[in-house]
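The values are calculated or read from the model by the stated rules, or taken from the named source; none is laboratory data. It should be emphasised that the depicted structure is a prediction, and the values quoted were computed from it without experimental measurement. Don't worry about glycine lacking a Cβ; one is built from the backbone with ideal geometry, like all the others, and counts go over all protein chains shown. When the accessible area is computed, the model is the full protein with side chains, heavy atoms only, and any ligands, DNA or RNA have been set aside. Shrake-Rupley method; radii C 1.70, N 1.55, O 1.52, S 1.80 Å.
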Amino acid sequence: MRKLEDWERQFNSVGWFIPAYIQMGSLAKLAGEIRAANGTYSQDDLESALERFYDAEYLAAMVCARYPLVPIISEFRVTIEESILAHFLGLHHVAVAGLMPVIEGAGRRLAKIWGPELDPVKAVFSALTKTCREEAYNGGLGDSDEVASMLTAFEHYTRHYVYANSRLYTLPDGTNRNGIAHGAYSDTDFGRPLNFYKTISAIDFLAFISTFRAPISWLGPNSSNESMALAARYRRLKKVAAAG
């Protein structure tokens, strides 16, 4: 059994996947909490957990030292930055609606670089993750088994949640591209921080994929003076938004 197969099951069971750039110890703890809940781990629980991962410091570091540098993702850096600002301003509908096209656009561009152009979009992510798994094994990239688990969990997430038929989406949070982009979901069906966390983590995973053929570390970026100043700005905006 691969080291991360249990994580695949646990995270996919709550509508998420094994993310990039988050410390393994933190992910192991979360997987254990989901397992211990034995089917009762809620979306509210997941939102609280992901809020700790995708905080101001983490997102500011990504804005300053990852999104502008990574192939393909850098082409959407302004959209991503504006969506993150919207999140800290409490504009979660806008934040998620801004990021959803980036998942599809970046996914299609990455898949086109590595293989034939495909449709529908679920086939794009299936082909992309398959190619990446092969590249990880053939190229000896990192721990190939761990990388394969991450890719498998991400493909499951895109197929069964993000790009599922909106009428068949089984969770109450509504992180579903078709429901959001086509207006099938109203304001009350989505627009919570959890939608943003799930969506930005997908963007980050595509950033991770895009570094397979680029000389960029698979580790998350460190904080810098620039990112710390930006994080302080995010916290101020969040405080103002909370005050109404």
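Structure values in brief
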{"read-out": "Listed residues Pro172, Pro221, Pro68, most fluctuating in the chain (Gaussian network, C-alpha, under 10 Å)", "value": "Pro172"}
{"read-out": "Estimated vicinal HN-Hα couplings, Hz - segment 14-27 in sequence order (Karplus 6.51, -1.76, 1.60; Gly, Pro = x)", "value": "10, x, 9, 7, 7, x, 8, 6, 8, 4, 4, x, 5, 5"}
{"read-out": "Gyration tensor verdict on the chain (Cα atoms; rounded if a/c is under 1.5, prolate if a/b is larger than b/c, oblate otherwise)", "value": "rounded"}
{"read-out": "With all protein chains modelled, accessible area of Lys130 [1.4 Å, Å²]", "value": "110"}
{"read-out": "Reachable aspartates and glutamates, given that their alpha-carbon falls under 19 Å from the alpha-carbon of Lys130 and they are not under 8 places away in the same chain", "value": "Glu5, Glu8, Glu104, Glu117, Asp119, Asp143, Asp145, Glu146, Glu155, Asp204"}
{"read-out": "In Hz, Karplus ³J(HN,Hα) per residue of segment 97-104 (6.51, -1.76, 1.60; θ = phi - 60°; x = Gly, Pro)", "value": "4, x, 7, 3, x, 5, 4, 5"}
{"read-out": "Debye-sum result for segment 161-201 in log10 I(q)/I(0), which assumes one identical scatterer on each alpha carbon, at q = 0.16, 0.18, 0.22, 0.23 Å⁻¹", "value": "-0.32, -0.40, -0.61, -0.67"}
{"read-out": "Share of Cα-Cα pairs in segment 1-137 lying beyond 22 Å, as whole percent", "value": "50"}
{"read-out": "Gaussian network model of the chain, Cα within-10 Å springs - most flexible of Glu82, Glu47, Glu104", "value": "Glu82"}
{"read-out": "Inter-part distance where segment 1-44 and segment 166-188 are each reduced to a Cα centre, Å", "value": "23"}
{"read-out": "Dipole magnitude of the chain about its Cα centre (Cβ charges: Lys, Arg +1; Asp, Glu -1), debye to nearest 20", "value": "240"}
{"read-out": "Set of lysines near Lys29 by C-alpha distance (under 21 Å), chain-local residues within fewer than 8 positions excluded", "value": "Lys3, Lys198"}
{"read-out": "In order through segment 62-74: 3J(HN,Hα) via Karplus (6.51 cos²θ - 1.76 cosθ + 1.60), integer Hz, x for Gly, Pro", "value": "5, 5, 7, 9, 9, 4, x, 9, 8, x, 6, 4, 4"}
{"read-out": "Probe 1.4 Å, all protein chains present, accessible-area order of Thr188, Thr175, largest first", "value": "Thr188, Thr175"}
{"read-out": "For segment 1-63: rounded, prolate or oblate by the Cα gyration tensor [a/c cutoff 1.5]", "value": "oblate"}
{"read-out": "Among Ser227, Ser48, Ser126: highest mean-square fluctuation, GNM of the chain, C-alpha pairs under 10 Å", "value": "Ser48"}
